[in-house]
């Protein structure tokens, strides 16, 4: 066989190039095709299995962001943790093992193959036919011979490699020794078949990112559409109201409160230059010292005190929700609270659970991503950890599906269906529930405070101690607070509604001041309540009472005794001018002015006399049950009696939102509905009065008529319009009208008393309920009275209206005169005080001193004290109302007994007159 020619060399050279490329690229086409197919099959199976395990609702989240193909592209199988990936691992291992062999073969024969290639290339280029070879030089012929000899010797190497490529290297490995080591050290090689441009090798998994975004959006959406949204809105509005309240409080009373805490006169003088404590805090010690000539120590002390006060005020801010302030955000707050109150409890609990689970899912995603932030990197964790990772992922989808399913059942209950007026009415009826809801939602607790006062003032006032030695009444909590307020601020306008005991509070302070050495108290009141004051003073205090009224000698004597001994000097408005003339410099520690709205006009002689009498008093108390909140001019005029600078400030800054704060240090008003839980269900108040001269003359002549004059004696206080009883009734009815309350006025006398009242009282019902009014017409009058807000007063003849009528629209009852039978009065009272009455009932018993009224009460109505003692107990009260009238003494006997006492009183009075003459 001859040596290789150039044609054989050319062919072998082509085979050699293929081999060298093959060895260099390490291509294993059959194995690689199998691996591609296996990898795709493996990924598809794992993806489909994973997708089948995911709840439908969670899949919808994925498909909302990704198509199926995009989702598949981003999925990375857990190759190293699955038994189904065995074939893929075998193929990768076989490829790695073959490539290793190829590399070893290449290293072993690379030089020989390169030399062979050179020889073949030389043969290809220089081999000639026999004829042409005779023209080649000797050296080329020798080199060509050696090249052919080398090629012949090594050409089997090429065929051998081609055989190994086809029959050994591109086939599944026949041995798997070293597989475990390969999986550990060449991990990436086993993952390469699945890596593409969408593979997340280090960043957050796209699927997890979509889940996280969904949770965040769902949490926000549910928070905005659930009861949680109502709570958040309540908290935001409450925060806004607190900030507004703080600004108002700082711009009003804060400077006065600061001055009360500072003893140093120089610092107090400096404080007068500021309008609120924020202005002080805004300055540095140096600025404060330079501007107001304070040494640095005092400037520092002032700033410290201002900051302490600001902290106390901030910690005690509690916005007031009063009917007259229910607008804007306050009204919105009530609607939200009502929606919160009526929110379905089951749904609220489920919403809370869903939101909690959303938060847990966030935590679980974080934990999962700390282990492996994506599916690709799960191949780097051990088998046990991978199992936990998969279980956690499945749990995330399961919890998320549960949240989605429950969330789909929720209905929206963010708004109540009430109108603004309806929510106001609901709040008026049940304000404690609204405050309880505020506390529940905001955690901001409100200490009980039946007033419009800032809470910080309330706390300071409550620290005040009262020395009530010798005081015989027991103060209710709101009365105790009122008395301390009067004592703390010294100059006070007390505006409590009628029936809340302004007199008792004033007498408590008078007792306290007397015990502190301030012995001289002056009380100025209308004549109609002068006798009432006298009796209250004698009943509840040990203070001596001197009346400045009547004959000149008596007035002078009483005034002299009062100046010497101390006690209470009692006078009426018309005598203020006389008292002023008698005593130009009246040395008075405590001045009490009752029904102070009567001096609201500072230009009247009455107002000027009162102002002159009380101007130098250490303590001043003006009392009126008339609501002044919406009569700012009148309020300013009254405040001017107490604090001229404050009155000027308020008049210069008439701001509906701030003036209540401005007057908080001088004006205190509580309404009955604010202190209902402190009041008895039924309260009886005795109001005393005196006859004027005409009434007294009429009364005395009636006694002269004998027993036949009893009826005239009983109505003597109503013979004309100059009647103290009439004035008392007008005051009660006017106060009731201003407070949207209704009054029933009972009298035995239709043609005298009730007709006089009809001519003089405002806000009357359509007719008098009397015996001659048909029952159908009577009920119509009562129905219209109950429904018509403009009708506040119903006149009733006591014998006709005492039985069979229900008038629960009224919660005030006036008894114009005592009745012979207590049961008659009790039945009349029970028209208003009965089942269904949701307000406290006030009974006013009008009595004239030194008259048949007084005697009848002593003889017949001795049970009144027992009743009043137990009036807080509704069972005892009901029993009293239903006492057995058969046990009452014979009426005729009682009339004779009462008349005899009154005739003896008249005879003693006449005898006293004769002695004095």
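Brief remarks on what is shown
- Gain in span if fully extended, residue 857 to residue 308, counting 0.36 nm per residue against the direct Cα distance: 191.9 nm
- Packing-based exposure ordering (other Cβ within 10 Å, fewest first) of 796, 58, 913: 913, 58, 796
- A simple spin-label model places pseudo-atoms 7 Å from Cα toward Cβ; at residue 349 and residue 195 they are separated by 5.4 nm.
- Efficiency of FRET between residue 121 and residue 66 - r from beta-carbon atoms, R0 41 angstrom, step 0.05: 0.15
- Each DSSP beta bridge with both residues in the chain is either parallel or antiparallel, and the antiparallel ones are about 0%.
- Contour excess over end-to-end distance, with Cα ends at residue 24 and residue 188 and 0.36 nm allotted per residue: 56.9 nm
- Each peptide among 376-384, 613-621 gets the average number of other Cβ atoms lying within 10 Å of its residues, and from highest to lowest they stand as 613-621, 376-384.
- Using a simple spin-label model with pseudo-atoms 7 Å out from Cα toward Cβ, residue 369 and residue 273 lie 5.9 nm apart.
- Segments 720-726, 362-368 sorted - mean Cβ within 10 Å per residue, highest first: 720-726, 362-368
- Rounded FRET efficiency, nearest 0.05, which uses the C-beta distance separating residue 430 from residue 890 and R0 of 45 Å: 0.35
- Scaled against the 2.2 N^0.38 Å expected of a compact globular protein of N residues, the Cα radius of gyration of the stretch 327-442 reads 1.66.
- Relative to one another, the C-alpha centroids of the stretch 560-591 and the stretch 312-380 are positioned 65 Å apart.
- With eigenvalues of the C-alpha gyration tensor scaled by 5 and rooted, the stretch 689-761, Å: 26, 13, 9
- Kirkwood Rh, angstrom, the chain [1 / mean 1/r, Cα pairs]: 37.6
- 10 Å-binned pair-distance histogram of the stretch 455-672 (Cα, whole percent): 8, 36, 38, 16, 2, 0
- Computed on the Cα atoms alone, the convex hull of the stretch 6-194 gives a volume of 147 cubic angstrom per residue.
- Listing 208, 546 from fewest to most neighbouring C-beta atoms within 10 Å gives 208, 546.
- Shape class for the stretch 753-804, computed from the alpha carbon gyration tensor (a ≥ b ≥ c): oblate, with a/c not under 1.5 and a/b at or below b/c.
- Proxy reagent accessibility, fewest Cβ within 10 Å first, across 848, 202: 202, 848
- Given R0 = 22 Å, the distance between the Cβ atoms of residue 134 and residue 14 translates into a calculated FRET efficiency of 0.15.
- Scattering profile of the stretch 138-245 at q = 0.15 Å⁻¹ [log10 I(q)/I(0), Debye over alpha-carbon scatterers]: -0.94
- Packing-based ranking, highest mean first, of 572-581, 71-80 given that Cβ atoms within 10 Å are counted: 71-80, 572-581
- Fully extending the segment from residue 420 to residue 459 would add 10.7 nm, taking 0.36 nm per residue of separation and subtracting the current Cα-Cα distance.
Values quoted throughout were computed directly from the atomic coordinates according to the rules given, and no laboratory measurement underlies them. All of these numbers come straight from a predicted model, not from anything done at the bench. Note that each Cβ is placed from the backbone with ideal geometry, even for glycine, and that neighbours are counted across all protein chains shown.
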